[in-house]
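Read through the structure below, which is laid out as structure tokens, and then see the notes.
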Amino acid sequence: MKKVKRLYDQFKPIHYQLDLVPDREAMTFTGTVIISGNKVGRPSKRLTFHQKDLKITSAHIVSHGKQSDAVVELDRNNHHGSFDEVRLHAAQVLFPGKYTVTLTFTGTITRAMNGMYPCFFKDDDADGTLIATQFESHHAREVFPCIDEPEAKATFDLSLTSPINEAVIANTPVKNQTTVKNSPGLIKTEFERTPHMSTYLLAFVYGKMEYLEAKTKAGVVVRTYATPENTKYTKFALDVAVKCLDFYNEYFDIPYPLAKCDMIALPDFASGAMENWGCITYREQALLVDPENTSMSAQQYVAMVVAHELTHQWFGNLVTMQWWTDLWLNEGFATWFEYLAVDHIFPKWKMWTQFAVDEQQQALKLDALEHTHPVEVAVNHPDEIRTIFDGISYSKGASVIHMVYHYLGADDFQTGLRYYLKKHSYKNTTTLDLWDALEEASKKPVRTFMHAWTSQSGYPLVHAEVARDHVTLSQNRFYFNPKAKKSGSVVWPVPTLSNSIDMPETLDTHDVRIDTKHSENFKLNHGGSGFYRTTYNASHLQQLAGRVRSGHLEPLDRLGLLADMTEAAKSGFTDVVEALNLLKSYKNEDDNAVWDVIAGLLGSIKVVMDDESVRDSMKPFIRDLVAAQVKRLGWEPIAHESHFDRLLRPTILGIAAASDTPEVVSVAKEFFANMHAPEDLGTELRTPGPRASLRNAGLDPDLRGVVYGTAARTGGEAEFNKLLAMHNASTFSEERLNLCAALTGFEQPELIARALALIDTDDVRLQDVAYWIAYSFSNRHARKQTWGWVTSHWDWLEKNMGNDLSFYRMPIYAVRSCSDESFLPEYKKFFGKVLSPAFERAYNQGIEMIEWQSAWKKRDLKLVKAFFKAS
Ligand SMILES: [Zn+2]
């Protein structure tokens, strides 16, 4: 693959003065940028800057010599499309030194949600438009010429012309506002100078918005902005943000670096949120909480996203990765700190138990593929950048941090981080800088310990053979796919975290035998902070199962044990009956996180075995397994119940409904029947539609998914029409996604076709398209039709979503639920044609998924049938 040259190697910007004049009606903008900086390296006849789809209308270079300044005569400027560059060719040789470059340019505001883009919303039934930016990872170049690499930090003076009477927000406070000559409706806003920072963090938003405001203990003004009707729903996020900032000020021992912190909910947004320094943008779902209608899990999600983005104000913005190879430094830390901060603010939410399922287990699954990548990943081409915003950078990154946190202990870890952030403030770092700082603080060999975990892909399966007087441990890289090309004999320094005093702290070799008199109840990875999987010999596993039944294992250990046995079965290291026999010990399980693992095991058996007789014979077994929890939790929130019980209720009722538990299905159907479709409601209730209907039906918002899902699974055209009417009337994004999940869950071919036909219409927002497709693919009745729709609408998808991360996951969505190898030729034929660097990893992962899932099915289908028949 061609390697793109770094422009920072030839020009180091110091300061940008950027004036932008967008035209919302014409969807264009004009701008001027004055870039001052130093040319470095060899003398040459050109200066090169990043730009994409801009038209440079004039260029002017002044060289600042020791004695005097001189205007540089320019021969020509070349737009170099394939490299995203503009090359300014001088008539003379340019020597290293100080230069000022002035460029004027024009560009377009694009529907695609990056660069400068519009967000559409309804304001009192009138159409409103906000203008916003999204520059990470390399989209600043779509708005102004610059050196668009994270290492090229500079300061920015931004001015922006926008309609008078509208909110206008950028990274720093407003310095000055002046009216624009001959344009009475416009105002020019100058913002304070930014700190020394990367281009991808620059941002602005303007349009009709309102805000709530609060202050941190240190006096930083925090505001949450949203479109007028949504502003009141930002209160929860505002409270969390203030508490988070207070916590981080203390924890990092560095005050929040800016005078203000704005958080803005945007009606159209490609990812979850973006940490622009002081001007953080969010998908509405990630910032808005309606106390009456937001589910507990969605509310928790808001707290976590806010904590994540605020972590970045230090990790990422103040100290930035040198190049995208170390993206994990940003994302791994921000992900890990979500849990630390939210655990601090809401100690009863048991965040670290959730961490085990939502980060570690997800990362372990992704990293069991041959076509995974190391946490520190080589990035050559800009198009590869977007592919690494994935579970490895976020969840595995967070998981290895979790491991080093436990290895060092809370105090040394914090001391090391403070040292790291202070030493590298306003600069860029690599992974080694972090290990050095932690090593300095702890005097432990952090480099040696961590290097293997971040520089090589995958992780080990540690098998323990436990005998009366000794334990033998051995480690091998864990792969799902029996066909995976095994990489030689890699070894990790595995923290044993065992409950036996005779065990070494780490397993550093391929295998080891340890004599011990304390092998009874022996367990590895106690507390689950190690990033690896464990299996035991059968007799010892029985002993551990006994400890699950007798209530002697903590939730994290119960969770890890079952998850590891499940995944070992998928990979063929054991068979599925061992996992299912172990599952029988979880009949009294009442922990939400453990239930997520149980649901995952049952779900993957259903999906991968893909056999109607298996589905049917599983139902009584599952009904029996959930019965105690259905009875305990019921449909109504119980006064003073725990956070975990609230999160567990929809999981349990969802499993019970899907396995046809009659009393659960009938209640769900009754709820749905009692809900009013929007056309039944009086006009005063119609906005915001389903919010009103929810209250009418008296349904707990946490349980909407169960009700809608059951209506779809058991219903027909009438249910479809009602769900669709509710969807189209709703402006509430959580609700719309719940309804999307239901609308894509029917089994009738004509209703599947109707759901698919909605995707490229105005009924579905571009930001939600990936959900519609992923959900449709996961409906076994809809897989074929969805494949047909995607392949026949590929050009539309590419045009409208071509810059979204989710677009590049299409190969994975297509086969995540496929265990039929006969689909491979068709898959390869289609994606082979559209393959590009950005697709390559997902494409290969897709092939692997089909292969390992069909291999599992071949091995275990008979066993599964026999097990459920007998149980
Ligand atoms: Zn992030």
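The values are calculated or read from the model by the stated rules, or taken from the named source; none is laboratory data. All values derive from a computational prediction rather than experimental measurement. Glycine gets a Cβ as well: all are built from the backbone with ideal geometry, and neighbour counts include every protein chain shown. SASA here: full protein model, heavy atoms, side chains in, ligands and nucleic acids out. Shrake-Rupley method; radii C 1.70, N 1.55, O 1.52, S 1.80 Å.
Under 7 Å between Cβ atoms, at least 6 apart or on separate chains: pull out the pairs that start in the range 345-368 with a residue that is under 17 Å from Glu554 (Cβ atoms) and without any contact (Cβ under 8 Å) to a residue 24 or more places away in the chain and end on any residue that is in a loop (DSSP other than H, G, I, E, B) and open to solvent by 20 Å² or more (accessible area, probe 1.4 Å). Partner pairs satisfying both residue conditions: none exist. Within the range 817-853, the set of residues being at pLDDT below 95 and either of a type in the set (Lys, Arg) or open to solvent by 30 Å² or more (accessible area, probe 1.4 Å) (or both) comprises Gly832, Lys833, Val834, Leu835, Ser836, Pro837, Glu840, Arg841. Return yes or no: is Val864 surrounded by fewer than 16 Cβ atoms within 10 Å (Cβ to Cβ) and either in contact (Cβ under 8 Å) with a residue 12 or more places away in the chain or in contact with a helix residue (DSSP H, G or I) (Cβ under 7 Å, 6 or more places away or on another chain) (or both)? No; evaluated as a whole, the condition is false for this residue.
Listed conditions (1) of a type in the set (A, V, I, L, M, F, W, C); (2) within 16 Å of the ligand (Cβ to nearest atom); (3) in contact with a Pro (Cβ under 7 Å, 6 or more places away or on another chain) are all met by Met403, apart from (2). Screening the range 25-64 for residues that are closer than 22 Å to Glu149 by Cα and small (Gly, Ala, Ser) and picking the one that is surrounded by the fewest Cβ atoms within 10 Å (Cβ to Cβ) gives Gly41. Taking the condition open to solvent by less than 20 Å² (accessible area, probe 1.4 Å), of a type in the set (Val, Ile, Thr) and either within 16 Å of the ligand (Cβ to nearest atom) or in a helix (DSSP H, G or I) (or both), does Thr294 pass? Considered against the rule, which asks whether it is open to solvent by less than 20 Å² (accessible area, probe 1.4 Å), of a type in the set (Val, Ile, Thr) and either within 16 Å of the ligand (Cβ to nearest atom) or in a helix (DSSP H, G or I) (or both), Thr294 comes out as no. Of the strands (runs of 3 or more DSSP E) lying entirely inside the range 151-214, those containing at least 1 residues that are open to solvent by 10 Å² or more (accessible area, probe 1.4 Å) are 155-163, 167-170, 174-180, 183-191. A search for C-beta distances below 7 Å between a residue of the range 293-314 that is β-branched (Val, Ile, Thr) and any residue that is open to solvent by less than 10 Å² (accessible area, probe 1.4 Å) and within 11 Å of the ligand (Cβ to nearest atom), counting only pairs 6+ apart in sequence or on different chains, returns Thr311/Phe333; Thr311/Ala334; Thr311/Phe337. Scanning the range 90-116 for residues that are under 28 Å from Val21 (Cβ atoms) and in a strand (DSSP E or B) returns Tyr99, Thr100, Val101, Thr102, Leu103, Thr104, Phe105, Thr106, Gly107, Thr108, Gly115, Met116. The residues on offer are Asp69, Asp75, Asp127, and the sole one that is under 30 Å from Asp763 (Cβ atoms), acidic (Asp, Glu) and open to solvent by 30 Å² or more (accessible area, probe 1.4 Å) is Asp127. Scanning the range 307-355 for residues that are β-branched (Val, Ile, Thr), within 18 Å of the chain's Cα centre (by Cα) and away from the ligand (no atom under 13 Å from the Cβ) yields Thr325, Val342.
Restricting attention to the range 356-368, the residues that are surrounded by fewer than 23 Cβ atoms within 10 Å (Cβ to Cβ) and within 16 Å of the ligand (Cβ to nearest atom) add up to 2.
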